[in-house]
1. Would you please name the residue that is modelled with the lowest pLDDT, looking only at residues in region 109-133 that are out of contact with any helix residue (DSSP H, G or I) (no Cβ under 7 Å at 6 or more places or on another chain) and surrounded by 18 or more Cβ atoms within 10 Å (Cβ to Cβ)?
2. Any residue in region 226-249 that is touching a Gly at 6+ places or on another chain (Cβ under 7 Å) and over 22 Å from Gly132 (Cβ atoms)?
3. Return the only residue of Arg252, Arg216 being charged (D, E, K, R), in contact (Cβ under 8 Å) with a residue 60 or more places away in the chain and either surrounded by 20 or more Cβ atoms within 10 Å (Cβ to Cβ) or in contact with a His (Cβ under 6 Å, 6 or more places away or on another chain) (or both).
4. Can you name the residue in region 1-35 that is more than 22 Å from the chain's Cα centre (by Cα) and polar (S, T, N, Q) and, of all such residues, is modelled with the lowest pLDDT?
5. From the list Leu180, Leu235, which one is in contact with a strand residue (DSSP E or B) (Cβ under 7 Å, 6 or more places away or on another chain), in a loop (DSSP other than H, G, I, E, B), at pLDDT 95 or above and among the aliphatic types (A, V, I, L, M)?
6. If you scan region 207-252, which residues turn out to be of a type outside the set (Gly, Ala, Ser) and touching a Leu at 6+ places or on another chain (Cβ under 8 Å)?
7. Checking the condition at pLDDT below 95, in contact with a strand residue (DSSP E or B) (Cβ under 8 Å, 6 or more places away or on another chain), assigned to a helix (DSSP H, G or I) and closer than 24 Å to Asp77 by Cβ, which residue from Leu138, Leu167, Leu185 passes?
8. Could we say that Leu180 is closer than 24 Å to Ala68 by Cβ and either buried (at least 18 other Cβ atoms within 10 Å of the Cβ) or not assigned by TED's automatic domain parsing to the domain that holds Arg150 (or both) here?
Amino acid sequence: MATRSSEDAAAGFAPWRMLVRDHLNPSGGERLFRVGLVPSDAAVLDWRAGDIAEFEMPDAERRSYSIASVPSEGRLDLLVRETRTADGRLGRGTAWLLHETRPGGAIRMRVKSNPAFHACGGDAPLLLIGAGSGLAGLRPHILEARQAGRPAWLLYGEWHADSHNHLCRELRDWHLSGKLYRFNLALSHPEAGRGRYVQDVIAQYAGDIRHFMGPRGQVMTCGGLALGAAADAALGRVLGEAWMAQALNEARYRRALF
C-alpha cells in the first residue's frame, strides 16, 4: 500500500497524448523540437505562464520542461533541445521524448505551478531574455503580457535565422503584429559576419533599455546558467547595481536557469 508521501509524489499524473513533434531548426545548430500535447480525458487546460510540465517515463524517472504555450492555444507545447552526454549519447529524457515516443502515443504527465517564474501583476514593462529552448519559459509571458496590455521586449539568442527557423519567423511576425513591443535577435552562427550573444545586444541598446525599464520594469530570463550569468552582468552595467538589487528584492527580476 502506498504511503502518504508516495501518494502525494504521484498526485496529478494523468495520460496525455502527443499530437505533434516538429523539428524547428532543420538548417543548423543543436536540434530543437516543438512537442504538442493534449490531455487524453479532454480535461480543461489550466496553467499560468512560467509553469512546468513534469513527465513520468516508463522506468519511473521524471523530467521537467517549461510550458511554451498558453491554454487558449488549445494544447500544451514544449520546446525541447536534443541534448547529448559527454560521450555523445542522447540524454535519457531527450531520447524518450524525441525518439522513443511517437505522435499519437500516450505520456503520463502533470502540470506543476511555478510561482517563482510567474510575472508580477500590473502593466509595468517586461524585458524578456532567453536563448534556444529557453524561449519555452518566455513565449507564454509574451502572450500574457499582450492580454494584460503591458509592453514586452524580447532579446533572444539562436544559432541561425534562416527561412527554416520557425521560432524566429514566429517572433518576427509577433513583432510586426504588435504582440511584441520590440524584438532583437542575437545570432551566434550567422551566415556572414561576426556572431553575437544577448549580452552584446544589451550593451548595444543600453540607453533604450534604461528608458524602457524605468524604475519599475520587470526582467525575466530563461535559459542556461552561462546565459543567466552573462545577462546578469550586462544588465548590472546598464541598469546599475542599485536597480538590480531593488528588482531582486521586489521579485521584479526572475530567472529560470538550467
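The values are calculated or read from the model by the stated rules, or taken from the named source; none is laboratory data. All values derive from a computational prediction rather than experimental measurement. We place every Cβ from the backbone using ideal geometry, glycine too, and count neighbours over all the protein chains shown.
1. The initial filter retains those residues of region 109-133 that are out of contact with any helix residue (DSSP H, G or I) (no Cβ under 7 Å at 6 or more places or on another chain), namely 109-116, 118, 120-122, 124, 132-133.
Adding the requirement that they be surrounded by 18 or more Cβ atoms within 10 Å (Cβ to Cβ) leaves 109, 111, 114, 132-133.
Values: Met109: 96, Val111: 97, Asn114: 97, Gly132: 85, Ser133: 89.
For region 109-133, the residue satisfying everything is Gly132.
2. yes
3. Working: Arg216 fails: either surrounded by 20 or more Cβ atoms within 10 Å (Cβ to Cβ) or in contact with a His (Cβ under 6 Å, 6 or more places away or on another chain) (or both).
Matching residue, one of Arg252, Arg216: Arg252.
4. Thr3
5. Leu180
6. Within region 207-252, the first condition is being of a type outside the set (Gly, Ala, Ser), and the residues that meet it are 208-213, 215-216, 218-222, 225, 227, 232, 235, 237-239, 241, 243-244, 246, 248-250, 252.
If the condition is that a residue be of a type outside the set (Gly, Ala, Ser) and touching a Leu at 6+ places or on another chain (Cβ under 8 Å), then Ile209, Arg210, Phe212, Met213, Gln218, Val219, Met220, Thr221, Cys222, Leu225, Leu227, Met244 are the ones that fit.
7. Numbers: Leu138 fails: at pLDDT below 95; Leu185 fails: assigned to a helix (DSSP H, G or I).
When all the criteria are applied, what remains is Leu167.
8. Yes.
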